[in-house]
1. Among 215, 173, which is the only one that is among the hydroxyl-bearing types (Ser, Thr, Tyr) and under 26 Å from residue 321 (Cβ atoms)?
2. Please go through the stretch 277-312 and give me each residue that is modelled with pLDDT of 65 or more and either among the charged types (D, E, K, R) or surrounded by fewer than 19 Cβ atoms within 10 Å (Cβ to Cβ) (or both), ordered by number.
3. Mind checking which residues of the stretch 107-145 are touching a residue at least 60 places away in the same chain (Cβ under 8 Å), closer than 22 Å to residue 402 by Cα and more than 13 Å from the chain's Cα centre (by Cα)?
4. Have a look at 242, 165, 189, 150 and point out the one that is hydrophobic (A, V, I, L, M, F, W, C), modelled with pLDDT under 75 and either in contact with a Phe, Trp or Tyr (Cβ under 9 Å, 6 or more places away or on another chain) or buried (at least 16 other Cβ atoms within 10 Å of the Cβ) (or both).
5. If the Cβ limit is 8 Å and pairs must be 6+ apart or interchain, which residue in the stretch 346-363 that is closer than 16 Å to residue 436 by Cβ pairs with which residue that is acidic (Asp, Glu)?
6. Tally up the residues in the stretch 434-458 that are part of a helix (DSSP H, G or I) and either β-branched (Val, Ile, Thr) or free of Cβ contacts under 8 Å to residues at least 40 places away in the same chain (or both), please.
7. Just give me the residues in the stretch 316-325 being more than 9 Å from residue 164 (Cα to Cα) and either touching a residue at least 60 places away in the same chain (Cβ under 8 Å) or of a type outside the set (A, V, I, L, M, F, W, C) (or both), in sequence order.
Amino acid sequence: MTTVATAAPSPHQPVIQDTVRYLIKNYSPKGNRVGWLMMASILVEAWDLYSIAFVLVFIRDQYNPDPLLLGLAAAGTQGGALIGALIGGWLSDKIGRRVMFLATMIMFVVLALAQAFVPGVIWLIVIRFLLGIPLGSDISTGYTYIMESMAKGEREVMGNRWQFMFAVGEVLTLAVIAVFLVLDINHEMVWRVTLGLGAVPALIILFLRHDVPETAVWLVKQGRFREAKAVARQMYNDPLDMLPDQDVKLSKPRPTAFLGDLRQDPIRWRATIYGWIACFAQASEFSTFAFYLPVLFAMVGVSTMLGNNLVTMLLFCFAALSGWVGPLLTPRIGHRGIAIAGFGIVLVSLLIAAAALYTGHKYILPFAAAGMLWGHYWDASNCMTIPTMVAKPEYRGTASGFAYMFVKLPSFLAIFLFPSLFAAIGQANATLFVAVFPLLGLLAAIFVLPEVYGYEHD
């Protein structure tokens, strides 16, 4: 039986780096399955985000909360996800991808069910805030799995599919709510069952995930060579003969050290800065204009909740097509190409929407919204992929969680505060204001982002 060394022997660093590079460069067998399991968890987040948007009116009618509480009920998950992204990414690096992978889904199953039984709005806010913590954590953990389980090029296409999965989740949510509305079910039952149903996909994902091993890359970086070799045999039928059979004890880097590490490499640093800007820009554009599409459609004359639901579902079917096409184009036009095209389309679409509102041509709004969603599902596709991919494995969970913070913070603020801005300055001015965000993303894609498609560490 082998023993664990008591020190951090520097002679092992070259073989560790060579093994990590070897794994990242060569393997994707079974990686697609792992990648899709990561992507599947986004269905859970999409369900939660959009189900609350469409049942909030029932909660308001039942409890009559003030606008502040109602806004917190809608945005609470985003606030929890902000904390979950930071803590979860750090824990993913510290205790492992698999532990966090399973823990987040268990937490979500319990908390999603709890939503269905809350006695009032205050408890709903508390539960939804707690619910956001595993959601934020799961995204950062999932991206580390993808980047460490798939070959370069393929891992980026898979990572960029997260927006496609968001669209699928949104369509499924809208379809279920449409069925409830057609059946004319009691409104309290509708919102309770809708929120609680989020536990179903989470339970299915938990079942499918239970046999997914820890990533070999993380185990190598932890000095747990025996487990890494066992995982490589299971996943890739490769015993990693370059590794010794004896574990070693390595010093653990500080979580904040990932920023200093990135700054040593201008390409990785610029790519990461772009990822943060893109995360902020795409989340802001979506959580303002797109999240409140039902309000805009009501202005056009879609007067019934069912009609609004069906029009929105049709739009997100179109968005799902965009979310599927964008990742497939990325190998051809690169991360810069998909980012520039996406933010450019969103900017033009929002300017058209604002012009339609200013001039009273409201019939243009659905077409502008379709264009906006098409572009958004491109510009948002790689904002998490890039900073996770360019980070070194020992910092990858932290880097992914830190990037996701730039998604969740503007999402929380926009969903919570945008209705007030909408009311204060009017729909046209508010829509024009939102155009600032894709403009910011477009400029960052042109002037900040280096092409990093297929990037590999030295």
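The values are calculated or read from the model by the stated rules, or taken from the named source; none is laboratory data. None of these values were measured; they are calculated from a predicted model. Cβ placement follows ideal geometry from the backbone for every residue including glycine, while neighbour counts extend to all protein chains displayed.
1. When all the criteria are applied, what remains is 173.
2. Answer for the stretch 277-312, where residues must be modelled with pLDDT of 65 or more and either among the charged types (D, E, K, R) or surrounded by fewer than 19 Cβ atoms within 10 Å (Cβ to Cβ) (or both): 285, 294, 298, 301, 304, 305, 306, 307, 310, 311.
3. Hits for the stretch 107-145 are 108, 128, 131, 145.
4. 150
5. Close Cβ pairs (under 8 Å, with a partner that is acidic (Asp, Glu)) amount to 346/285; 346/379; 350/285.
6. Adding up the residues that qualify gives 5.
7. 316, 317 - these are the residues of the stretch 316-325 that are more than 9 Å from residue 164 (Cα to Cα) and either touching a residue at least 60 places away in the same chain (Cβ under 8 Å) or of a type outside the set (A, V, I, L, M, F, W, C) (or both).
Per-residue answers, yes or no, for (1) of a type in the set (A, V, I, L, M); (2) modelled with pLDDT of 85 or more:
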residue	(1), (2)
355	yes, yes
391	yes, yes
394	no, no
410	no, yes
